[in-house]
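So the structure is just underneath, and the comments pick up after that.
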Amino acid sequence: MNCNVAVLIAMLVLAMLTGCTRLYVITTNSGREIAAKGKPHYDKANSVFIFTDPRGQRRTISAGSVAQIA
């Protein structure tokens, strides 16, 4: 019985950790939509948004070409 409870708790913790990342959609001025895993961060010094794509690659996009982030 204790083993079942431990497995249940481990599964609940794992489910909570995997649900923390939200997908954002970056829409460019040209209408192109780009998926971002987690909230993009604005780099003021370089005027770019830094984000991670769904495959885990770190990407940047010029802030001037971004129409919306939702």
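The values are calculated or read from the model by the stated rules, or taken from the named source; none is laboratory data. Owing to the predicted nature of the structure, the values given are computational and were not obtained by experimental measurement. In this analysis, Cβ positions are derived from the backbone assuming ideal geometry, glycine residues included, and neighbour counts consider all displayed protein chains. Keep in mind that these areas ignore ligands, DNA and RNA; they rest on the heavy atoms of the full protein, side chains included. Shrake-Rupley method; radii C 1.70, N 1.55, O 1.52, S 1.80 Å.
Select from the range 1-43 the residues that are at pLDDT 95 or above and of a type in the set (Ser, Thr, Tyr) and write down the one among them that is nearest to the chain's Cα centre (by Cα). By that ranking, first place goes to 24.
Taking residues in the range 45-64 that are among the charged types (D, E, K, R), and partners anywhere that are open to solvent by 60 Å² or more (accessible area, probe 1.4 Å), the pairs with Cβ atoms closer than 9 Å and at least 6 places apart or on different chains are 53/37; 53/59; 55/37.
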